[in-house]
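Just so it is clear, none of the values below were taken in a lab; they were calculated from the coordinates. Note that the structure is a prediction, hence the values are computed from the model and not measured. Cβ: placed from backbone, ideal geometry, glycine included. Neighbour counts: every protein chain shown.
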Amino acid sequence: MKHPVLFLFCTLLASALSVSAQEDPARESVKISSVSGPTQVRIGDEGSLLVNVSPEDLRRFTTQGLVRYSDLGAVGDGKSDDIDAIAATHAVANQQGLSVKADAGAQYYISGKVRIAEIQTNTDFGTAEFIIDDTNVEDRTQHVFLVSSTLRPFDLEGITSLKRNQKKLDVPFPGPCLVTVTDANVRRYIRYGPNQNDGSPQTDIFIVDKDGNVDPNAPIIWDFDQITEITALPMDEIPLTIRGGRFTTIANRAESKYTYYSRGIAIRRSNVVLDGLEHRVTGEGEQGAPYGGFLNFRDCSDVTVRNTVLTGHKTYRTIGSAGVPVSMGSYDISLSRSINVSFEHCSQTNDINDRTYWGIMGSNFCKNLILDHCVFSRFDAHMGVANATVRHSTLGHMGINAIGTGTFLVENSTLNGRTLINLRSDYGSTWEGEFIIRDCVFIPAGGAEVSANLIGGSNSGKHNFGYTTYMPERIVIENLHIRDSNHPEDYKGPAIFANFNPAMTDDSYEETYPHVRTKEVLLKNVTTESGKELRVSDNPFLFTDVEIRRD
């Protein structure tokens, strides 16, 4: 044997990779070796990837600190299926701690086969194009790229209950962690309306430091008298950066029903920066299934998306759970159980006021979401957000739709929704906290002929949503200009509140589940193009006890 030391090193490397794969089922589909022979990627039993990196190439990758897709056989001609080579490249980079760089000018075609490229190191997609073909997909639930951590979640022992706003967990942690807790015995967010359902198990996610102190900026929002599951996921403290990339999805043509496609980039790691990415959609026809987010965030914190261009998806209709036709939500951004996620200087390719495209964003169980210098068709929080900010941004036809807790801050922004902020009626039009709106322009319904309302929503007081429903306790509106010149003939002027319950016009109406209304509204320098004064509501009885102060 000419190189016994090299052979021993390669044998140990292959063994270590094999053990790693056995410990992590997510990586069992890739087996890596480094023995004499060409660098190549083959398909093994049950579709696994068998990757061999020649010792010479391994030394070269290590010396330059990066590996390219072409190094593992990617063709980049826009026709050859490159997903195996892409997945293999990231697998090698992950094991060796190397960066990944796409080849300049390449066009990588990605078929509908099941193959996930797992990203754990800095990646530069550059100006390369990625064509994701969804016209024939083997498994629509599988993402193309998975941004993951080498750190592993673990069950928390000895914690049987938690209290809202609890400040500390009396157990040690290896470092900062995301804690997810569930009580399957309690149902929250029991949805009302055409997409009605039985709700979701009570869930919360929050951050603790190594001593168990809960981050006060992302507090525990529920009492957990019983805990059916509680896990901790260590947070990466070294940033992972993903740059560039020109992605095009060839849209699916499946039947229009709630069979969501997840064919994009999944973020499952904390401390990530995505910078300069572009995503476009082509091939949308007369029918199609909805998308669950080209950028799909879950179980992560401290993620920033900047200088990114995304695309709204065509709206298709189906029959909802109540047996009536509904428009299906379809998203390019989807967030769940995510904390401290910011979008900075981001936009979308299609007209933000074009109603043929669904709102670009949806979220559930999140905390501290920020849009900063963004141009999007909407901000949305379905099953609650704790604290949100929209600043220096323009929102389109779907505007702001949200329920949640804490502070919702909107400043230096232009809003084109039917209302300035809409409290989602399907979840009880609830916000337990305050709204602060300052230095904004409101263009009701994007300039269409409507009677303007600032705070929208409805709640009959007859449906159990699984929690007490609130309107913001305090609303502060400063320096707001309402462009309401296009209005009906009987327009009486903009109203602070929509008519949340038309049936409740006097004390004879009884709410089974009372909707707790706003206590205080502070107005300062609110102006209208119509010249009409700001009113309370078309149903002033509902807001008799609201203190309205004009400064």
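Amide hydrogen proximity for GLY288: with H placed 1.01 Å from N in the peptide plane, the residues at 5 or more positions away or on another chain lying under 5 Å are SER256.
Over the stretch 57-111, Cα pairs under 8 Å with separation of 6+ residues give a relative contact order of 46 percent.
Measuring r between the beta carbons of THR282 and ILE319 and using R0 = 25 Å, the FRET efficiency lands at 0.35. Using R0 = 51 Å, the C-beta based FRET efficiency linking GLU449 and VAL273 works out to 0.70. The residue among ASN185, PRO239, GLY446 whose Cα reaches farthest toward the positive pole of the charge dipole of the chain, with charges on the beta-carbon of Lys, Arg, Asp and Glu, is PRO239.
Ordered by the number of other Cβ atoms lying within 10 Å of each residue's own Cβ, fewest first, PHE442, PHE541 fall into the sequence PHE541, PHE442. Here's the picture: charge each Lys and Arg Cβ at +1 and each Asp and Glu Cβ at -1 in the stretch 36-183, and of TYR108, VAL75, ASN165 the one pushed furthest to the positive end of that dipole is ASN165.
Rounded, prolate or oblate: which fits the stretch 289-397, taking a ≥ b ≥ c as square roots of the Cα gyration tensor eigenvalues, rounded meaning a/c under 1.5, else prolate when a/b beats b/c? Verdict is oblate for the stretch 289-397. Against the chain, whose longest principal axis comes from its Cα atoms, helix 4-23 is set at around 30 degrees.
If the segment from LEU522 to ARG60 were pulled out straight at 0.36 nm per residue, it would be longer than the present Cα-Cα gap by 159.8 nm. With the charge dipole of the stretch 403-551 set up from +1 on Lys and Arg Cβ and -1 on Asp and Glu Cβ about the Cα centre, the Cα lying farthest toward the positive end among the listed residues MET471, THR419, SER537 is that of THR419.
Residues of the stretch 472-509 with an amide N closer than 18 Å to a point placed 7 Å from the Cα of SER530 along the Cα-to-Cβ direction: 480-500.
Each Lys or Arg adds one and each Asp or Glu subtracts one; over the other residues with Cβ under 15 Å from the Cβ of GLU157, this totals -3.
Starting from the amide H of VAL375, placed 1.01 Å from N in the peptide plane, find each other amide H under 5 Å away whose residue is 5 or more places distant or on another chain. Correct list: CYS346, SER347, GLN348, THR394. Relative contact order of the chain, taken over Cα pairs closer than 8 Å and 6 or more residues apart, is 8 percent. Computed from the C-beta positions of HIS345 and ALA184, the FRET efficiency with R₀ = 60 Å rounds to 0.90. For helix 83-96, what angle does its Cα long axis make with the longest principal axis of the chain, in degrees from 0 to 90 and rounded to 10? For 83-96 against the chain, the angle is about 80 degrees.
When you count the other C-beta atoms within 10 angstrom of each residue and take the mean per peptide, 304-312, 173-181 line up highest first as 304-312, 173-181.
With neighbour counts taken as other beta-carbon atoms within 10 Å, the residues THR315, THR468 rank, fewest first, as THR468, THR315. Distance between the 7 Å Cα→Cβ label points at LEU151 and ASP139: 2.7 nm. Electrostatic tally near THR518: other residues with Cβ closer than 13 Å to its Cβ, Lys and Arg +1, Asp and Glu -1, net -2.
Rounded to the nearest 20, the Cβ-based charge dipole of the chain about its Cα centre (Lys and Arg +1, Asp and Glu -1) stands at 540 debye. Fully extending the segment from ASP439 to GLU237 would add 69.1 nm, taking 0.36 nm per residue of separation and subtracting the current Cα-Cα distance.
Using a cutoff of 8 angstrom between alpha carbon atoms and counting only pairs six or more residues apart, the relative contact order for the stretch 154-234 works out to 48 percent. Label point of ASP225 set 7 angstrom out along Cα-Cβ; within the stretch 157-196, amide nitrogens under 14 Å from it belong to 161-164, 183-187.
Could you please rank ARG391, ARG337, placing first whichever residue has the fewest other Cβ atoms within 10 Å of its Cβ? Don't jump to the answer; show the numbers that get you there.
On the way: ARG391 17, ARG337 20.
Going from least to most buried by this count: ARG391, ARG337.
Taking a straight line from the alpha carbon of LYS168, these lysines sit under 17 Å away, with near neighbours fewer than eight places off in the same chain left out: LYS210.
So how strong a dipole does the stretch 403-551 carry about its Cα centre when Lys and Arg Cβ are +1 and Asp and Glu Cβ are -1, to the nearest 20 debye?
240 debye
Near the amide H of VAL536, within less than 5 Å, lie the amide hydrogens of ILE496, all on another chain or at least 5 residues away, with H placed in the peptide plane. Extension gain, LYS492-ASP506: 0.36 nm per intervening residue step, less the Cα-Cα distance, totals 2.9 nm.
So if I place +1 on the C-beta of Lys and Arg and -1 on the C-beta of Asp and Glu, and nothing else carries charge, what would the dipole magnitude of the stretch 154-234 be about its Cα centre? I want it in debye, nearest 20. The dipole of the stretch 154-234 has a size of about 300 debye.
Where a ≥ b ≥ c are the square roots of the eigenvalues of the C-alpha gyration tensor, would you call the stretch 354-439 rounded, which needs a/c under 1.5, or, failing that, prolate if a/b is larger than b/c, or oblate? Can you show the working numbers first?
On the way: a/c = 1.56, a/b = 1.16, b/c = 1.35.
Cα axes put the stretch 354-439 in the oblate bin.
Between helix 55-64 and the chain there is an angle of about 40 degrees, using the helix long axis and the longest principal axis of the Cα atoms.
Annotation: peptides 523-534, 89-100, 59-70, ranked by per-residue average of other Cβ atoms within 10 Å with the highest first, follow the order 89-100, 59-70, 523-534.
Each residue, VAL114 and GLU411, gets one label point 7 Å from its Cα in the Cβ direction; the gap between the two is 4.9 nm. Modelled spin labels at ASN213 and GLN40, positioned 7 Å past Cα toward Cβ, are 5.8 nm from each other.
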